[in-house]
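Okay, structure first, notes after.
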Amino acid sequence: MGRLLAIDFGKVRTGIAVTDELQLIASGLTTVQTKDLLTFLKDYTDKEAVELFLVGEPKQMNNEPSESEALISNFLKKLEKAIPAIPIKRVDERFTSKMAFQTMIDSGLSKKQRKNKALVDEISATLILQNYLHYK
C-alpha cells in the first residue's frame, strides 16, 4: 500500500502532507516553492510509494471555483503528464487555512510563529488529508 499525498497549492508556496504506508495517519511533510513543486513531487515519488495525489479544490461559498483554480488546473495538467502512474483526486479545501490558523492558536504557538505562512500551508495540506482519511 502506498502513501497518500495531499497538496495545498498556492501561487507562491505549496503545502504538502502525507500518510504513513498504512494510510492511517496524516502528517505535514513540508512546504515548497510552487515553482519547484513538480520537481519535488518527482523526486519524492521516486523514493516513496505514493498511491494517490489529493489536491485541494478551492471553492467560493456559492460552490463556484475560486480564482486560483485556473493556476491549479494548469499545474494538474503538468502533473498528470510528469507522473501519469499516480491518480489525482480533488478535495474541497474550503476553510482549511482558517482551520490551520486556529490549530496553531490551539497548539499554543506564539504570534510570531503563527505568521509563518509556510507552516499554515503545511497544516492546511495536513487538514485536507486528514479530512479525506476521515470520510474515506
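The values are calculated or read from the model by the stated rules, or taken from the named source; none is laboratory data. Please read all numbers here as calculations on a predicted model, not as lab measurements. Note that each Cβ is placed from the backbone with ideal geometry, even for glycine, and that neighbours are counted across all protein chains shown.
I need the full set of residues from region 1-47 which are among the aromatic types (F, W, Y) and either under 11 Å from the mean Cα position of the chain (by Cα) or buried (at least 19 other Cβ atoms within 10 Å of the Cβ) (or both), in order please.
Within region 1-47, the subset among the aromatic types (F, W, Y) is 9, 40, 44.
Selection gives F9 alone.
Take the conditions assigned to a strand (DSSP E or B), within 19 Å of Q130 (Cα to Cα) and in contact with a Phe, Trp or Tyr (Cβ under 6 Å, 6 or more places away or on another chain) and apply them to L29. Does it pass? Against the criterion (assigned to a strand (DSSP E or B), within 19 Å of Q130 (Cα to Cα) and in contact with a Phe, Trp or Tyr (Cβ under 6 Å, 6 or more places away or on another chain)), L29 does not qualify.
Does M61 satisfy the criteria of being at pLDDT below 70, among the aliphatic types (A, V, I, L, M) and under 15 Å from the mean Cα position of the chain (by Cα)?
Here the answer is no, as M61 does not meet what is asked.
Residue check: is I72 touching a strand residue (DSSP E or B) at 6+ places or on another chain (Cβ under 9 Å), part of a loop (DSSP other than H, G, I, E, B) and at pLDDT 75 or above? So I72 fails the test. Contact map, region 124-136: residues that are more than 12 Å from V18 (Cα to Cα) and surrounded by fewer than 23 Cβ atoms within 10 Å (Cβ to Cβ) paired with residues that are at pLDDT 85 or above and of a type outside the set (A, V, I, L, M, F, W, C), Cβ distance under 9 Å, separation 6+ or inter-chain. Pairs shown: K136/Q23. In the set E80, E67, E51, only one residue is part of a loop (DSSP other than H, G, I, E, B) and among the charged types (D, E, K, R); that residue is E67.
When region 98-122 is filtered for residues that are among the acidic types (D, E) and at pLDDT 75 or above, the ones remaining, listed by number, are D121, E122. Looking at this structure, is A125 outside any strand (DSSP E or B), touching a helix residue (DSSP H, G or I) at 6+ places or on another chain (Cβ under 7 Å) and at pLDDT below 95? No, not satisfied. In region 6-22, of all residues being part of a loop (DSSP other than H, G, I, E, B) and under 15 Å from D92 (Cα atoms), the one that is modelled with the highest pLDDT corresponds to F9.
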